[in-house]
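> My structure is below; once you've seen it, I'll send some questions.
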Amino acid sequence: MYTEKVMDHFKNPRNVGEIENASGVGTVGNAKCGDIMQIFLDIDENEIIRDVKFKTFGCGAAVATSSMATEMIKGKSVNEALKITNAAVVEALEGLPPQKIHCSVLAEEAVKAAIEDYMKKKAEAGAKGATD
Ligand code: FES
């Protein structure tokens with residue numbers, strides 16, 4: 001049912017873990033299956049994703065899609081990472097069964113949530129700097 005790529009990323013997930021004092025953290029969940037995905041970003045001053053880690057409490061496809069998504073955005077700019085779609089993640093994994101597509105949506109949402117968190121923190125830091 002799963003492609004070799006999916007099995008590979010499921011068995012040997014890349015970038016598992018957490019980043020302390022991350023530039024942005026995104027946590028998303030799917031209410032139906034109860035799976036949760038968390039993405040941590042370390043973003044440098046040029047808005048390049050220097051490092052990315054993830055933790056997924058969920059199904060095999062959720063682990064594989066989050067692993068692949070982290071590989072796809074590592075070293076990219078924030079703007080490029082925002083363009084990553086779940087379809088691109090599925091394509092990179094050479095396909096997912098139809099009933100598992102929602103798992104890849106979670107990966108896209110987690111990346112976006114982490115970037116939104118980064119932008120929010122940046123705006124807050126900017127506002128604070130302005131009033132200091
Ligand atoms: Fe829920 Fe895969 S079954 S994320």
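> State the number of residues belonging to region 60-101 that are crowded, with 18+ Cβ neighbours inside 10 Å, within 24 Å of A31 (Cα to Cα) and either among the β-branched types (V, I, T) or at pLDDT below 95 (or both).
6
> N21 fails exactly one of the following numbered conditions: (1) part of a strand (DSSP E or B); (2) more than 16 Å from N79 (Cα to Cα); (3) of a type outside the set (V, I, T). What is the number of that condition?
If we test N21 against (1) part of a strand (DSSP E or B); (2) more than 16 Å from N79 (Cα to Cα); (3) of a type outside the set (V, I, T), just (1) comes out false.
> Please enumerate the residues belonging to region 23-62 that are touching a Lys or Arg at 6+ places or on another chain (Cβ under 8 Å) and hydrophobic (A, V, I, L, M, F, W, C).
Of everything in region 23-62, those that are touching a Lys or Arg at 6+ places or on another chain (Cβ under 8 Å) and hydrophobic (A, V, I, L, M, F, W, C) turn out to be M37, I39, F40, I43, I48, I49, V52, C59, A61.
> Related question: Can you find a residue in region 24-33 that is hydrophobic (A, V, I, L, M, F, W, C), buried (at least 20 other Cβ atoms within 10 Å of the Cβ), closer than 12 Å to A110 by Cα and within 14 Å of the ligand (Cβ to nearest atom)?
Scanning region 24-33 turns up no residue that is hydrophobic (A, V, I, L, M, F, W, C), buried (at least 20 other Cβ atoms within 10 Å of the Cβ), closer than 12 Å to A110 by Cα and within 14 Å of the ligand (Cβ to nearest atom).
> Residues in region 25-34: is at least one over 13 Å from the mean Cα position of the chain (by Cα), within 26 Å of K120 (Cα to Cα) and modelled with pLDDT under 95?
For region 25-34, residues over 13 Å from the mean Cα position of the chain (by Cα), within 26 Å of K120 (Cα to Cα) and modelled with pLDDT under 95: present.
> For K55, work out the one condition from (1) away from the ligand (no atom under 16 Å from the Cβ); (2) charged (D, E, K, R); (3) not in a helix (DSSP H, G or I) it doesn't fulfil.
K55 satisfies all of (1) away from the ligand (no atom under 16 Å from the Cβ); (2) charged (D, E, K, R); (3) not in a helix (DSSP H, G or I) except (1).
> Among (1) on the phi < 0 side of the Ramachandran plot; (2) within 16 Å of the ligand (Cβ to nearest atom), which single condition is E124 missing?
For E124, the failing item is (2).
> Can you tell me which residues in region 74-132 are in contact with a strand residue (DSSP E or B) (Cβ under 7 Å, 6 or more places away or on another chain), over 18 Å from K5 (Cβ atoms) and not in a helix (DSSP H, G or I)?
Once the filter is applied, which keeps residues that are in contact with a strand residue (DSSP E or B) (Cβ under 7 Å, 6 or more places away or on another chain), over 18 Å from K5 (Cβ atoms) and not in a helix (DSSP H, G or I), region 74-132 yields G75, K76, S77.
The values are calculated or read from the model by the stated rules, or taken from the named source; none is laboratory data. Note that the structure is predicted; figures quoted are calculated from it, not measured. Virtual Cβ from ideal backbone geometry, glycine too; neighbours counted across all protein chains shown.
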